[in-house]
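As structure tokens, the structure follows; a few thoughts come after it.
The values are calculated or read from the model by the stated rules, or taken from the named source; none is laboratory data. Small disclaimer: the values here were computed from a predicted structure and weren't measured. Cβ: placed from backbone, ideal geometry, glycine included. Neighbour counts: every protein chain shown. Side chains are part of the model used for accessible areas, which takes the heavy atoms of the whole protein and leaves out ligands, DNA and RNA. Shrake-Rupley method; radii C 1.70, N 1.55, O 1.52, S 1.80 Å.
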Amino acid sequence: MEEVLPDDMLADVLGRLPPSSLAASRCVRKHWCSIIDARRLLRAHLLPLRLDAFFCISFDLIDRLTYFFARPSTARRIPGSRLDFIDGEDYYDLEVKDHCNGLLLVYDMVVNPATRQWATLPISPEPSIGYYLGFGGTTIMDQDQENDDHLLFSRFYLVYDPMAESPQHFEVFLFPLLGHDLGNHENITINLEEQEWPPSTFRTHVFSSTRWRWEERSWIRQGETVGTMADMLQSDYCMDRKAVYFLGALYVHCQNDSVMRIALSNDNKYQMVRSPATWSQLGAERATFYLGKSEKGVYSALLYWVDWGSCPQFRVWLLKEEEEENDDGHHHIHMEWVLKTNISLPPLLANKLPLLHSGFADDEWRVIHDYNNKEEVPPADAAAHGDDEFAADDEWDFDNADIVLDEAKDNKAAEADGHYPVDFLGFHPYKEIVFFSLKSGTISYNLNTSKVQQLGGHIHIPVGIRTCFPYTPCLLTLGELFENS
């Protein structure tokens with residue numbers, strides 16, 4: 001049969017096989033193997049192309065920091081999600097700092113839960129504010145910094161692209177956060193109201209797994225600035241601001257809710273875009289912005305309350321980007337926020353929705369506490385699903401949502417409740433869908449159809465959820481980079 005079929009037709013047939021059969025087909029003939037490898041038919045099954053879970057970080061600093069919210073079948077397939085395989089570490093104390101395409105940044109380690117591998121990074125540099133502003137040497141302010149740890153904080157962001165020419169390599173970017181004590185320090189020699197931030201030339205350190213060391217890199221700003229050091233100090237809490245890697249650029253959520261776009265190519269340029277809205281524009285008493293990646297690129301979500309007793313409102317913007325040419329012939333990216341969704345959340349808060357997956361009734365999403373507990377992670381019933389080893393772990397169908405809530409009908413019920421606990425979990429990385437954890441359960445909301453789907457129960461975490469990372473498993477092994485490979 002192989003001699004008769006053209007390569008394109010044979011590739012189409014092979015591409016329809018399940019991963020286990022496709023892997024076995026590589027061993028049948030050399031020609032089959034070359035077709036599978038050249039067209040990356042098997043590689044697609046290893047890539048982080050499906051949303052399987054959320055790593056939820058708790059406010060609790062005593063009991064446990066990181067929780068895994070997923071279906072039991074996912075816990076069976078990714079046993080490393082508990083993070084208990086890392087030698088010499090108490091997994092109860094481990095906190096996920098960032099996630100990018102299946103890899104986790106856990107303190108000074110890069111971890112792949114799907115392959116149970118990890119690597120410990122060298123100690124990162126601790127540059128001063130003078131370093132970032134290009135002063136060189138030591139400023140008066142820096143001399144006292146050893147005695148005051150609240151002037152400058154380091155935030156780390158992970159960049160990993162499994163579709164790059166070298167898919168076994170990653171980078172970690174160090175970004176400075178300005179501490180609130182900076183504005184009250186007696187020996188500061190900088191005018192915070194006038195000093196641009198980020199500065200026109202932004203310097204920092206990046207860890208490269210290719211050379212296995214921290215390196216200094218710099219980027220020059222294109223376009224206008226969007227704030228000063230004083231502006232950055234207006235935020236109440238900024239340690240959980242995220243960054244997004246998308247199509248060769250890193251987007252960093254800054255302290256004043258602006259976004260910094262860093263081109264990771266060789267042009268060494270960065271640009272700033274202002275926040276899509278301000279508290280005063282919305283008349284908000286409190287508000288929280290979230291940066292994320294979804295189907296069409298980079299998105300910003302806003303959860304806000306007009307006053308402390310009101311129901312929360314929710315907005316989503318898409319960052320529209322177009323390449324333009326300057327008068328001097330150079331090109332830059334024009335960025336503009338486009339409003340995608342503007343909804344009131346009372347209908348979601350007032351209703352307990354049924355699970356839409358009748359076939360997944362025993363496999364609804366939940367917080368996995370004990371991976372050895374058969375009630376939490378029941379063994380796969382192979383007989384019920386036939387011989388296909390992957391049938392027991394079908395990907396959750398996020399498109400199977402058919403409930404559209406009547407806002408007028410449900411608004412009174414929400415008002416009567418008087419309490420509106422809601423956590424925004426994040427964006428689906430490949431569909432225009434967002435996720436909330438409510439008192440009644442955990443749901444997905446489709447930004448295009450306004451349809452809602454219940455995934456499982458409420459994410460019950462002691463003290464509450466501080467932040468979440470949507471998790472897309474990556475089954476690529478990174479070879480010699482990882483200590484236990």
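Give E295, E325 a once-over and let me know the one that is open to solvent by 20 Å² or more (accessible area, probe 1.4 Å), modelled with pLDDT of 80 or more and of a type outside the set (V, I, T).
The unique qualifying residue is E295.
Going by the conditions given, is T120 surrounded by fewer than 23 Cβ atoms within 10 Å (Cβ to Cβ) and more than 20 Å from T74 (Cα to Cα)?
yes
With the structure loaded, tell me whether Q255 is modelled with pLDDT under 95 and touching a Ser or Thr at 6+ places or on another chain (Cβ under 8 Å) or whether it fails that test. Walk me through it before giving the result.
Details: modelled with pLDDT under 95: yes; touching a Ser or Thr at 6+ places or on another chain (Cβ under 8 Å): yes.
Taking the combined requirement at face value, the residue satisfies it.
Is the stretch 76-87 home to any residue that is assigned to a strand (DSSP E or B), in contact (Cβ under 8 Å) with a residue 40 or more places away in the chain and in contact with a strand residue (DSSP E or B) (Cβ under 7 Å, 6 or more places away or on another chain)?
Pass one, the stretch 76-87, residues assigned to a strand (DSSP E or B): none.
Among the residues of the stretch 76-87, not one is assigned to a strand (DSSP E or B), in contact (Cβ under 8 Å) with a residue 40 or more places away in the chain and in contact with a strand residue (DSSP E or B) (Cβ under 7 Å, 6 or more places away or on another chain), which makes the answer no.
Filter the stretch 218-243 for residues that are in contact (Cβ under 8 Å) with a residue 40 or more places away in the chain, assigned to a strand (DSSP E or B) and within 30 Å of D328 (Cα to Cα) and give the result.
Scanning the stretch 218-243 gives S218, W219, I220, R221, Q222.
Do you know which of the residues in the stretch 433-485 that are assigned to a loop (DSSP other than H, G, I, E, B) and of a type in the set (S, T, N, Q) is nearest to the chain's Cα centre (by Cα)?
Among those residues, the one meeting the criterion is T472.
Every residue, every condition in (1) of a type in the set (A, V, I, L, M); (2) open to solvent by 40 Å² or more (accessible area, probe 1.4 Å); (3) under 17 Å from V172 (Cα atoms), yes or no:
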position: R241; (1), (2), (3): no, no, yes
position: V252; (1), (2), (3): yes, no, yes
position: S275; (1), (2), (3): no, no, no
position: Q281; (1), (2), (3): no, yes, no
position: Y299; (1), (2), (3): no, no, no
position: Y304; (1), (2), (3): no, no, no
